[in-house]
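See below for the structure under consideration.
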Ligand SMILES: [Zn+2]
């Protein structure tokens, strides 16, 4: 999870709301909300749902992140997604402290087994670079709810792609043998190395999280940058990101999760600010290898769950209804084998 600290979350929400009012343009019938009296919106499968109950799990990274440093449990998720027709959700690991990893798996398996909420599958945490990973993950072999593993790869440094070490690569290959996927959550500069990891693990399927963690501000037109130097730096960032996304997309074992980018928007933003990122991902991966992710509650750093969904609907409104269905639900159901 990449978090940018904000001065005032409430301010941001207000800004997003007023921006939302400005772009409430003619939407496809399918995109109208239930409350507005329109038909039910397209079903959503949320492939990136976080939940945390701090009475059961320790998340050290939450210290100092005021707005997120409290419980976010199913009741809160159901409130955040009310009226949006979220029919299924895939839990995404929340970087619990290492000693709580099995407790996290137990926590989410309980929820999946109960079957009384949208959550029907999970991507759990793990440390593929650690020698104990094989024992840890093989206990979940054949578990119908555990679909994959993620370790956020933000510790990547130029020249030190720790996730290309032999132990790590062997672990990711093992995931393929177990029928599990691996989520690639890398900083944008690490995308080229992530492509190498994909190539080293030909039997494993991957999900590229958060559009490769593209930074929305870098995509602003030149005149919106403070100095010409910043504008040209941003242009170089965008060119490199576009090239690396296109390269990743050539690997058909990788799908792209359209998610996460609203967590880093500046206080004033509009849905069209997200369009260059979303459109490049959709065009590179094609209509069959893109899935929607809410990234709630981390998305609330920039937008509510509803605002994120509405922004994405706005950006894709001219695409065919069939492709919108694939993006919002059908691809996820197929990829994860959800029933
Ligand atoms: Zn996330």
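FYI, it's all coordinate maths here, none of it is from the lab. The shown structure was predicted, so the numbers you read here are calculated from the model rather than taken from an experiment. Note that we place each Cβ from the backbone using ideal geometry, even for glycine, and neighbour counts take in every protein chain shown.
DSSP bridge analysis restricted to the chain gives an antiparallel fraction near 5%, rounded to the nearest 5. At 1.567 mPa s and 4 °C, plugging the Kirkwood radius over alpha-carbon pairs of the range 40-336 into Stokes-Einstein gives what diffusion coefficient in µm²/s? The Stokes-Einstein estimate is 66 µm²/s.
Do you know the relative contact order of the chain, to the nearest whole percent, from alpha carbon pairs under 8 angstrom that are 6+ apart? Before the final figure, lay out the partial values.
On the way: 600 pairs, mean separation 73.6, N = 339.
Over the chain, the number comes to 22 percent.
If you build a Gaussian network model of the chain, linking Cα atoms that sit under 10 Å apart, which residue out of 240, 319, 205 swings the most? Among 240, 319, 205, the largest GNM mean-square fluctuation belongs to 319.
I'd like the FRET efficiency for residue 138 and residue 318, computed as 1/(1 + (r/R0)^6) with the beta carbon distance as r and R0 of 30 Å, rounded to 0.05.
According to the calculation, E is roughly 0.05.
With a Förster radius of 41 Å applied to the beta-carbon distance between residue 110 and residue 268, the computed FRET efficiency rounds to 0.50. Taking each residue as 0.36 nm, the span from residue 103 to residue 253 lengthens on full extension beyond its C-alpha to C-alpha distance by 51.0 nm.
Model label sites at residue 223 and residue 71, defined 7 Å from Cα along the beta-carbon direction, differ in position by 5.1 nm. Per-peptide packing, taken as the mean over residues of other Cβ atoms within 10 Å, places 183-190, 218-225, 99-106, 291-298 in the sequence 291-298, 183-190, 99-106, 218-225 from highest down.
Here the relative contact order of the range 103-254, from alpha carbon pairs under 8 Å that lie six or more residues apart, stands at 18 percent.
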